[in-house]
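Visitor: What follows is a structure written as structure tokens; I'll ask about it next.
The values are calculated or read from the model by the stated rules, or taken from the named source; none is laboratory data. Just so you know, these numbers come straight off a predicted model, no measurement behind them. Using ideal geometry, Cβ is built from the backbone for each residue, glycine included, and neighbour counts are taken over all protein chains shown. Quick note on the areas: whole protein, heavy atoms, side chains included, nothing else; ligands and nucleic acids left out. Shrake-Rupley method; radii C 1.70, N 1.55, O 1.52, S 1.80 Å.
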Amino acid sequence: MHWLGRPFTERSTQLFLGVLLAALVLVTILHVAVPQGHPLYVNAYTVNLFGKYLSYALLAVAVDLVWGYLGILSLGHGAFFALGGYAMGMYLMRQIGDRGVYGHPELPDFMVFLNWDSLPWYWTGFDMAWFAFAMVLLAPGLLALVFGFLAFRSRVTGVYLSIITQALTFALMLAFFRNEMGFGGNNGLTDFRDILGYNLRSDATRLGLFIATGVALAVGYVLCRAIVGSKLGRVCVATRDAEARTRFIGYRVERFQLFVFVVSAMLAGLAGALYVPQVGIINPSEFSPVFSIEIVLWVALGGRATLYGAVIGAILVNYAKTVFTGVMPDAWLFALGAMFVLVTVFLPKGVAGLLAYRVRRRKHRGKDDESPTPRGKEVAA
């Protein structure tokens, strides 16, 4: 397991984990220790909002793993995110029990309203936390395994693979919109009450979910850093840069692609599962191809093939979305488009590329200051 511990020796990982830990501790202190009404007090709504940003950051890291290091531009990762969210939503719906509007001990309210007689077979087991949490990873992982096996085995690459991933999430969106599917149709799953016996409406539970999301982001980031820093990661980068040459020297490229694609899908599913209890709803709009494209924009703005850049991009874009949709709701999409164009033109490597450039420039400036003055110039002076 030496490859899994290697990221902890990297300065970038240490810095990322340090900043993340500081943010978690700071928000916790400002929420718990600071009295209400104080300017520095962080209320429960803001804690929930930060938790949503962190779940989006984990999703962006998953996309950066396959796009930045494998060269696969996935426009369907919203599907894996939504599947993980639905798995968590099904568990939360089963926890309501007879406290629903119709008081049925087993069926969710929307099934009673639609005159369902019994739970569908695929809802079986979601009343158990361990089963639901396992399905959070297995559902998107199995879909990615089947899809990736067929796509990579057929050597579908480039824009064609991107279009197929987009078609996948669009097809799932249309399917989940149907009431006959048993997932709540257009309204989705909502009105959650408890998770693991804790009231979702309590401030302590919201803070716990925020911290859990931060821990999941840290684990996901370290796992991705371990993958890209190993021999597997070097093969992935070689595949991204020259797939034909990598095949020629004997590597079964499709196996590497499939493994990384499945890991990325499972991380996206985990992000979706952490997102749902914090926002209180999951519906088919999360399958929207527009959302999947937006995730790619987060990664591009933050900086592709850096992982921490994806986190920066996800948080910046979604914070801007929160501000713009509150001030000028109709102007948000225009602002997002303008942001993407400006970053593409002036920051082709994203915010992370700009930060790396400034660090390199500072190092070079420090070396120039330490270098001795040539003797001829010294005499001339």
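Visitor: When only residues in the range 178-205 that are closer than 18 Å to Asn115 by Cα and of a type in the set (A, V, I, L, M, F, W, C) count, which is farthest from the chain's Cα centre (by Cα)?
Guide: Checked the range 178-205; the qualifying residue farthest from the chain's Cα centre (by Cα) is Met181.
Visitor: Looking at the range 1-103, what helices (runs of 4 or more DSSP H) fall wholly within it and have at least 1 residues that are among the hydroxyl-bearing types (Ser, Thr, Tyr), open to solvent by less than 20 Å² (accessible area, probe 1.4 Å) and touching a residue at least 40 places away in the same chain (Cβ under 8 Å)?
Guide: Hits in the range 1-103: 11-32, 44-68, 77-94.
Visitor: Here is a follow-up. Which residue pairs have Cβ atoms under 8 Å apart, sit 6 or more places apart or on different chains, and have a first residue in the range 223-240 that is free of Cβ contacts under 8 Å to residues at least 40 places away in the same chain and a second that is of a type outside the set (A, V, I, L, M, F, W, C)?
Guide: Val235/Thr246; Val235/Tyr251; Ala238/Arg245; Ala238/Thr246; Ala238/Tyr251
Visitor: Look through Gly269, Gly220 and report the one residue that is more than 20 Å from Met93 (Cα to Cα), assigned to a helix (DSSP H, G or I) and among the small types (Gly, Ala, Ser).
Guide: Of Gly269, Gly220, the one residue that is more than 20 Å from Met93 (Cα to Cα), assigned to a helix (DSSP H, G or I) and among the small types (Gly, Ala, Ser) is Gly220.
Visitor: I've got another one for you. Suppose we filter the range 88-113 for residues that are closer than 17 Å to Asn186 by Cα and of a type outside the set (D, E, K, R); how many remain?
Guide: 8
This table checks each residue for (1) open to solvent by 80 Å² or more (accessible area, probe 1.4 Å); (2) more than 21 Å from Leu15 (Cβ to Cβ); (3) part of a helix (DSSP H, G or I).
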| site | (1), (2), (3) |
| --- | --- |
| Thr306 | no, no, no |
| Gly309 | no, no, yes |
| Gly313 | no, no, yes |
| Asn318 | no, yes, yes |
| Thr322 | no, yes, yes |
| Asp330 | yes, yes, yes |
| Val341 | yes, yes, yes |
| Leu355 | yes, no, yes |
| Arg358 | yes, no, yes |
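Visitor: Let me ask you something else. In the range 179-235, which residues are open to solvent by less than 40 Å² (accessible area, probe 1.4 Å), within 25 Å of Phe126 (Cα to Cα) and hydroxyl-bearing (Ser, Thr, Tyr)?
Guide: Ser202, Thr205, Thr213 - these are the residues of the range 179-235 that are open to solvent by less than 40 Å² (accessible area, probe 1.4 Å), within 25 Å of Phe126 (Cα to Cα) and hydroxyl-bearing (Ser, Thr, Tyr).
Visitor: What number of residues in the range 343-353 are in a helix (DSSP H, G or I) and touching a residue at least 12 places away in the same chain (Cβ under 8 Å)?
Guide: Total meeting the criteria: 6.
Visitor: I've got another one for you. State all residues of the range 104-115 that are in a loop (DSSP other than H, G, I, E, B) and either under 23 Å from Glu286 (Cβ atoms) or in contact with a strand residue (DSSP E or B) (Cβ under 6 Å, 6 or more places away or on another chain) (or both); if no residue qualifies, say none.
Guide: Pro108, Leu114
Visitor: Hey, another quick one. Being open to solvent by 10 Å² or more (accessible area, probe 1.4 Å) and farther than 25 Å from Ala132 by Cβ is the filter here; which residues of the range 263-304 pass it?
Guide: Across the range 263-304, the qualifying residues are Pro289, Val290, Ile293, Glu294, Val296, Leu297, Ala300, Leu301, Arg304.
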